[in-house]
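Visitor: Take this structure first; my questions come after.
The values are calculated or read from the model by the stated rules, or taken from the named source; none is laboratory data. What you see is a predicted model; the values in this text were computed from it and never measured. We place every Cβ from the backbone using ideal geometry, glycine too, and count neighbours over all the protein chains shown. Surface areas here come from the heavy atoms of the whole protein model, side chains and all, with no ligands, DNA or RNA. Shrake-Rupley method; radii C 1.70, N 1.55, O 1.52, S 1.80 Å.
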Amino acid sequence: QVQLVESGGGLVQPGGSLRLSCAVPGNIFRIYVMGWYRQAPGKQRELVAQIISGGSTNYSDSVKGRFTISKNYAKNTVDLQMNSLKPEDTAVYYCNALRTGYSFWGQGTQVTVSS
C-alpha cells in the first residue's frame, strides 16, 4: 500500500498564499508522474498541476501563472505553491502518483479561500 500524505491546507483570504506539501515514498517519487488535483463540492475532481520525472510541468488554465508545482529532492515531497488565491480555488486538494497501470492518491487537504 502506497501512502501519500498531504499537508498545508487551511483558510486564507482572497489574494493570499498557501503552500501544500505531499510526502512521497522514495521509489514512487523518482519514477512516477506526480500531480495535484482538486475537487470542489458538487464538481468533478480536476487536474491542477503535474510534474514528470524530468522536471517538466503542466498546469490547468485556471491556475497558470498563480500556482507552482515543484519537487523537493531532499525531503521527497511534491509541493504546490499557491499565490493570488481566489474563492473559486476552494476545494479539497489531492496528491496523485501516476504511471501506466498505477494511480495512488492521498487523503486530501482542505483549502478554503474566503474573507
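Visitor: Consider Asp89 against the criteria (1) acidic (Asp, Glu); (2) free of Cβ contacts under 8 Å to residues at least 24 places away in the same chain; (3) surrounded by 13 or more Cβ atoms within 10 Å (Cβ to Cβ): it satisfies all of them except one. Which criterion is unmet?
Guide: Unmet condition: (2).
Visitor: Please specify each residue of the range 104-115 satisfying the condition of being open to solvent by 60 Å² or more (accessible area, probe 1.4 Å) and part of a strand (DSSP E or B).
Guide: Within the range 104-115, Trp105, Gln110 qualify.
Visitor: Looking at Asn96, Asn58 in this structure, which one is open to solvent by less than 60 Å² (accessible area, probe 1.4 Å), polar (S, T, N, Q) and touching a strand residue (DSSP E or B) at 6+ places or on another chain (Cβ under 7 Å)?
Guide: After ruling out the rest, the residue left standing is Asn96.
Visitor: OK, next. Restricting attention to the range 3-20, does a residue exist that is touching a Lys or Arg at 6+ places or on another chain (Cβ under 7 Å) and at pLDDT 95 or above?
Guide: The answer is yes; a qualifying residue exists.
Visitor: Which one is modelled with the lowest pLDDT, of the residues in the range 37-55 that are surrounded by fewer than 13 Cβ atoms within 10 Å (Cβ to Cβ) and within 21 Å of Lys75 (Cα to Cα)?
Guide: Restricting to residues being surrounded by fewer than 13 Cβ atoms within 10 Å (Cβ to Cβ) and within 21 Å of Lys75 (Cα to Cα), the top hit is Gly54.
Visitor: Consider only pairs whose beta carbons are under 6 Å apart and that are at least six residues apart or on different chains; among these, list those whose first residue lies in the range 22-49 and is free of Cβ contacts under 8 Å to residues at least 24 places away in the same chain and whose second residue is open to solvent by less than 40 Å² (accessible area, probe 1.4 Å) and outside any strand (DSSP E or B).
Guide: Filtered contacts from the range 22-49: Leu47/Ser60.
Visitor: Then there is this: Given (1) open to solvent by 40 Å² or more (accessible area, probe 1.4 Å); (2) over 13 Å from Val113 (Cβ atoms); (3) part of a loop (DSSP other than H, G, I, E, B), identify the lone condition not met by Val2.
Guide: (1)
Visitor: Could you figure out which of (1) open to solvent by 30 Å² or more (accessible area, probe 1.4 Å); (2) in a strand (DSSP E or B); (3) under 17 Å from Ser103 (Cα atoms) isn't true of Met34?
Guide: Failing condition for Met34: (1).
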